[in-house]
């Protein structure tokens, strides 16, 4: 089973420290981890640092991954690709990065069909990327990341452009992927109620540091909401016993 | 279960059909190129019938002496040079557009052609040799050296922190102005004869084609193409955005500068031999992209073929515009290219790029 732990991870842009000493407990395959925090807290930088796109101090300790670092799949926030390419081609392309022969096998195509179908976007298969709406692009981007069959997935705000139905669909889908296939999924997300509902663990990032991390219900507390988001909120359980954040106002 | 199985087979079948369509499109382009080449060979001050030309091509020994000499010594190098230069410039433009993520990138717009013209002008006007060489190769070598200098400047500037692909394109445009100004300066100090030579050179002309020059241009394509072929999936991935490509384990910065070096060779060598022929490097890849998309497995051959076809057809046009004389081909490509260039800028909403 894949395991991932961060040890004093740091990153800076042009001399400005964006990420400082981020450490976490060990997360295991099968878990969905929400990365929450205010805007410009360093969530995207953290993902890029974990994915190896930027350098910095500290260590990403990855154990039990079949393909080592190659098994980390990163879905960036910026998905504004305007390539003259169909959705199908773009997903095939990400899959072919691993074995870059020109030949395309039927089993590659079958895999793409399965992914597109499971995300409910099979009807988009032969649409041009540039014709897609923001939400459709996000779904395609998820498909592209899945096509590489990662064991760890870093998803930077994958639901920000989706309608409510699609948001729930994607979160539910990722949770199933995690539980059924032992995938470790990190999702940067703003909706704390969705974090409480769909994720097992939460990492709170603010000002470039990890303010708290652990099981969702333990981490998302009235106190941390006050500290990190400057809001007055209550955490209350609904009739089904699921914790909800109820916001009363700003501090 | 059954219906989803049918749907899956359906998607695969559609993909395979689209791939077959792309292959047929490539074949059609190749046939068109062959026809254009034959037409190019048949046309000229002395006109021959197409079947005589084909006969002389297939059986040179049995052809009349005059036809054989005209065909093999004059027209064949020119016609093949048109296709080869077109292919090289188009491939250069295609990869510039890919790595810089900009539809306006091409050897012409990034200052490579302007730099080459300046280098050539130094030789033509003052006999200045940037390399110790035979006088015959002075102009091409000067042009090549300056073209490489322009690429080097772009590369060095692009290494600076925070310089994005858009900045590189703007820097290229700045280089065009710099080298044009330098070219004007050369012309100001040069003799009248030399100015005429410089002007003719900058218009671009295939009449400078010879078998050795053709061989060198072919060699450059033959050496660079396999390197693009090997990186085909990675280069295509660049078009999904830098972050996405990097997340696939592609070293984006390294891929970009390696490609830039190869592209500079592809752009500089033809320009050095036949002068500044603009817009092929811009138009060729765009036609290829519209026809076939950006999967480099098809985009690479398509760019080669469209570039070759555009310049070959331009060569035919340059012979037929005023019967009996040959128009400078650079003028023809510019006349075709400029309207296309404008339509690109204005029509960006039509998803050409």
Picking from A:196, A:124, A:225, A:162, which residue would you name as being surrounded by fewer than 24 Cβ atoms within 10 Å (Cβ to Cβ), over 25 Å from residue A:65 (Cβ atoms) and within 14 Å of another protein chain (Cβ to nearest Cβ)? A:124
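Return yes when residue B:83 is over 17 Å from residue B:290 (Cα atoms) and either touching a residue at least 12 places away in the same chain (Cβ under 8 Å) or touching a strand residue (DSSP E or B) at 6+ places or on another chain (Cβ under 6 Å) (or both) and no when it is not.
Against the criterion (over 17 Å from residue B:290 (Cα atoms) and either touching a residue at least 12 places away in the same chain (Cβ under 8 Å) or touching a strand residue (DSSP E or B) at 6+ places or on another chain (Cβ under 6 Å) (or both)), residue B:83 qualifies.
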Return the residues of segment A:104-120 that are more than 10 Å from every other protein chain (Cβ to nearest Cβ) and either crowded, with 23+ Cβ neighbours inside 10 Å or under 25 Å from residue B:291 (Cα atoms) (or both); say none if nothing qualifies. A:105
Being in contact (Cβ under 8 Å) with a residue 40 or more places away in the chain, away from chain B (no Cβ under 14 Å) and touching a helix residue (DSSP H, G or I) at 6+ places or on another chain (Cβ under 7 Å): is that true of residue A:18 here? yes
Sort through A:83, A:99 and tell me the only one that's touching a residue at least 12 places away in the same chain (Cβ under 8 Å) and part of a loop (DSSP other than H, G, I, E, B). A:83
Being within 14 Å of another protein chain (Cβ to nearest Cβ), touching a residue at least 24 places away in the same chain (Cβ under 8 Å) and touching a strand residue (DSSP E or B) at 6+ places or on another chain (Cβ under 8 Å): is that true of residue A:130 here? no
All-but-one check, residue A:83 against (1) within 12 Å of another protein chain (Cβ to nearest Cβ); (2) in contact with a strand residue (DSSP E or B) (Cβ under 8 Å, 6 or more places away or on another chain), failing number (2)
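For segment B:286-324, give me the residue count where each residue is in a helix (DSSP H, G or I), within 11 Å of chain A (Cβ to nearest Cβ) and in contact with a helix residue (DSSP H, G or I) (Cβ under 9 Å, 6 or more places away or on another chain).
The initial filter retains those residues of segment B:286-324 that are in a helix (DSSP H, G or I), namely B:286-292, B:296-320.
Those left that are additionally within 11 Å of chain A (Cβ to nearest Cβ): B:286, B:288-292, B:296-300.
If we keep only those that are in contact with a helix residue (DSSP H, G or I) (Cβ under 9 Å, 6 or more places away or on another chain) as well, we get B:286, B:288-289, B:291-292, B:296-300.
Within segment B:286-324, residues that are in a helix (DSSP H, G or I), within 11 Å of chain A (Cβ to nearest Cβ) and in contact with a helix residue (DSSP H, G or I) (Cβ under 9 Å, 6 or more places away or on another chain) number 10.
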From the list B:312, B:276, B:264, which residue is closer than 23 Å to residue B:164 by Cα and within 13 Å of the chain's Cα centre (by Cα)? B:264
Subset of segment A:55-69 (residues that are under 23 Å from residue A:19 (Cα atoms), surrounded by 14 or more Cβ atoms within 10 Å (Cβ to Cβ) and in contact with a helix residue (DSSP H, G or I) (Cβ under 9 Å, 6 or more places away or on another chain)): A:56, A:58, A:60, A:62
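Here is a yes/no grid of residues against (1) touching a residue at least 24 places away in the same chain (Cβ under 8 Å); (2) within 30 Å of residue B:74 (Cβ to Cβ); (3) within 23 Å of the chain's Cα centre (by Cα):
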| position | (1), (2), (3) |
| --- | --- |
| B:111 | yes, no, yes |
| B:124 | yes, yes, no |
| B:144 | yes, yes, yes |
| B:148 | yes, no, yes |
| B:165 | yes, no, yes |
| B:173 | yes, no, yes |
What helices (runs of 4 or more DSSP H) lie completely within segment B:48-111 and have 2 or more residues being crowded, with 24+ Cβ neighbours inside 10 Å and at pLDDT 90 or above? B:76-100
Which of the residues that make up segment A:138-152 are more than 11 Å from chain B (Cβ to nearest Cβ) and either touching a residue at least 40 places away in the same chain (Cβ under 8 Å) or surrounded by fewer than 22 Cβ atoms within 10 Å (Cβ to Cβ) (or both)? A:138, A:142, A:143, A:146, A:149, A:151, A:152
Can you tell me which residue within segment A:32-53, out of those that are crowded, with 22+ Cβ neighbours inside 10 Å and part of a loop (DSSP other than H, G, I, E, B), is nearest to the other protein chains (Cβ to nearest Cβ)? A:42
Here is a list: B:152, B:141, B:124, B:156. Which entry is crowded, with 22+ Cβ neighbours inside 10 Å and either away from every other protein chain (no Cβ under 14 Å) or at pLDDT below 80 (or both)? B:124
In segment B:249-275, anything buried (at least 24 other Cβ atoms within 10 Å of the Cβ) and within 14 Å of another protein chain (Cβ to nearest Cβ) is listed as none
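Quick test for you: out of A:30, A:15, pick the one residue that is under 17 Å from the mean Cα position of the chain (by Cα) and over 18 Å from residue B:247 (Cβ atoms).
From the options A:30, A:15, the qualifying one is A:30.
The values are calculated or read from the model by the stated rules, or taken from the named source; none is laboratory data. Values in this document were obtained by computation on a predicted structure and should not be read as measured data. All Cβ positions, even for glycine, are placed from backbone atoms using ideal geometry, and neighbour counts span all protein chains on display.
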